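K.L.:
Quick one: this structure, given as structure tokens, is what I'll be asking you about.
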């Protein structure tokens with residue numbers, strides 16, 4: 001019963017999900033599994049570029065609190081490093097590490113784009 005209640009509560013919470021780019025999906029579907037690392041890495045680069053552009057625009061926006069924005073970005077970077085530690089990139093987990101980075105970075109880009 002506890003599991004059912006917990007599941008219902010968790011399902012009601014808003015969750016940001018990774019919406020991989022069309023390029024990533026095309027790459028993953030077209031390539032063999034051995035090149036999935038390259039697809040994940042490319043997606044991370046795309047999401048990082050998107051987030052960086054959103055950050056630059058946020059800094060330039062009228063009425064932006066630049067000090068608060070810079071502080072929030074610094075805190076986000078520290079959280080990212082804890083959420084997706086590089087140590088998980090060893091032992092064949094590079095793809096998962098890159099996907100973790102891409103997912104978190106996409107979420108941050110969406111926050112900055114609002």
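K.L.:
Could you rank the peptides 47-57, 99-109 by their average count of other C-beta atoms within 10 Å per residue, with the highest value first?
P.N.:
So the order, starting with the most tightly packed, is 99-109, 47-57.
K.L.:
FRET efficiency for residue 77 and residue 22, Cβ-Cβ distance as r, R0 = 25 Å, nearest 0.05?
P.N.:
Efficiency at R0 = 25 Å is approximately 0.40.
Only the coordinates and a few stated rules stand behind these numbers; no lab work does. Keep in mind that this is a model prediction, so the values were computed, not measured. All Cβ positions, even for glycine, are placed from backbone atoms using ideal geometry, and neighbour counts span all protein chains on display.
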